[in-house]
1. May I ask you to list pairs of residues, at least six apart or on different chains, whose Cβ atoms are under 7 Å apart, with the first in segment A:7-29 being in a loop (DSSP other than H, G, I, E, B) and the second being open to solvent by 80 Å² or more (accessible area, probe 1.4 Å) and of a type in the set (Ser, Thr, Tyr)?
2. Would you mind telling me which numbered condition in (1) more than 14 Å from chain B (Cβ to nearest Cβ); (2) in a strand (DSSP E or B); (3) in contact with an Asp or Glu (Cβ under 7 Å, 6 or more places away or on another chain) A:Ser80 fails?
3. For residues that are within 11 Å of chain A (Cβ to nearest Cβ) and hydroxyl-bearing (Ser, Thr, Tyr), scanning just segment B:1-34, find the one that is surrounded by the fewest Cβ atoms within 10 Å (Cβ to Cβ).
4. Select from segment A:88-110 the residues that are part of a strand (DSSP E or B) and either open to solvent by less than 10 Å² (accessible area, probe 1.4 Å) or touching a Phe, Trp or Tyr at 6+ places or on another chain (Cβ under 9 Å) (or both) and list them in ascending order.
5. In segment B:41-68, how many residues are within 11 Å of another protein chain (Cβ to nearest Cβ), more than 12 Å from the chain's Cα centre (by Cα) and assigned to a loop (DSSP other than H, G, I, E, B)?
6. For A:Arg58, are the conditions met, namely being assigned to a strand (DSSP E or B), open to solvent by 60 Å² or more (accessible area, probe 1.4 Å) and of a type in the set (D, E, K, R)?
7. So which residues in segment B:69-79 are open to solvent by less than 70 Å² (accessible area, probe 1.4 Å) and in a loop (DSSP other than H, G, I, E, B), if there are any at all?
8. Find the residue count for segment B:80-111, including only residues that are of a type in the set (Ser, Thr, Tyr), farther than 15 Å from B:Ser8 by Cβ and open to solvent by 20 Å² or more (accessible area, probe 1.4 Å).
Amino acid sequence: SQKIEQNSEALNIQEGKTATLTCNYTNYSPAYLQWYRQDPGRGPVFLLLIRENEKEKRKERLKVTFDTTLKQSLFHITASQPADSATYLCALDISGGYNKLIFGAGTRLAVHP
Amino acid sequence: DVKVTQSSRYLVKRTGEKVFLECVQDMDHENMFWYRQDPGLGLRLIYFSYDVKMKEKGDIPEGYSVSREKKERFSLILESASTNQTSMYLCASKSGNYEQYFGPGTRLTVT
C-alpha cells in the first residue's frame with residue numbers, strides 16, 4: 001500500500017542545535033516533494049519544494065534533501081530558535097505539479113531555550 | 001500576499017444538518033482544494049476544482065459535495081452532517097506555481 005511516514009513523536013531540541021526531520025514514503029514516485037510548516041490552529045504554510053532530480057535545496061536556515069532511491073526526504077533547520085517550534089508536514093506531488101498532494105501526518109518540533 | 005479566507009473558524013452543528021463551508025481567495029488562482037485534517041492522519045483531500053464549475057473527487061469525497069460558481073469562491077457542502085465529519089477543514093488555492101496557499105481552517109464539531 002502507499003504510505004508516507006513522518007516521526008509521530010515530537011522532536012525536542014535545544015536552541016542553536018540543528019533539527020532534522022524525516023519523511024519516508026513507499027510505493028509512490030513523486031515528481032516533487034514539498035515541506036510545510038503548521039502552527040497550532042492555523043493552516044499550513046509552504047516552505048520549500050524539491051524536485052526528483054535535485055538532491056538538495058536550501059533556503060536561509062532550511063535545507064531539504066531528497067533521495068528517490070531511499071524514498072526519503074530529510075528536512076534540516078540549522079541554528080534552531082524557539083520560534084521554529086511548530087509541526088512540519090511533508091507532501092508528495094504525485095501528479096507532476098498539477099493538483100494532487102499527498103500529505104504526511106507531520107512531526108511536531110519543540111525548540112527549547 | 002495571497003489571502004485565503006474561510007467563512008468560520010469554529011462551527012457546531014447537529015447530526016443531519018446541511019452544512020456549508022465557504023472559502024474565498026483573492027489571487028485569481030485557478031485551482032482550489034478542500035482537505036480535512038485529523039490527528040495522526042494528516043491532511044486528506046476531499047475535492048478539488050481546477051476551474052469554475054469544474055470539480056474532481058479527492059481521496060475521501062463520500063458525504064461531501066462542492067460548488068464553484070465563481071473563480072474566487074469554493075464551497076464545501078455536507079449534505080447531512082454526521083459525527084464522523086467532526087474535523088478541521090482546510091481550504092487551499094494555487095496557480096501555476098506548485099505551492100498551495102491555505103486558509104486558517106474551520107474546526108467543525110457535529111453533535
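1. Note: pairs meeting the criteria are A:Asn27/A:Ser1.
2. (2)
3. B:Tyr10
4. Passing the criteria: A:Tyr88, A:Leu89, A:Cys90, A:Ala91, A:Leu92, A:Asp93, A:Leu101, A:Ile102, A:Phe103, A:Thr107, A:Arg108, A:Leu109.
5. 2
6. Yes: the conditions hold for A:Arg58.
7. Selection gives B:Lys71 alone.
8. Here the count works out to 7.
The values are calculated or read from the model by the stated rules, or taken from the named source; none is laboratory data. Here the structure is a predicted model, which means the values were calculated and not measured. Because the Cβ atoms are built from the backbone with ideal geometry, glycine has one as well, and the counts that use them run over all protein chains shown. Accessible surface areas use protein heavy atoms only, side chains included; no ligands, DNA or RNA. Shrake-Rupley method; radii C 1.70, N 1.55, O 1.52, S 1.80 Å.
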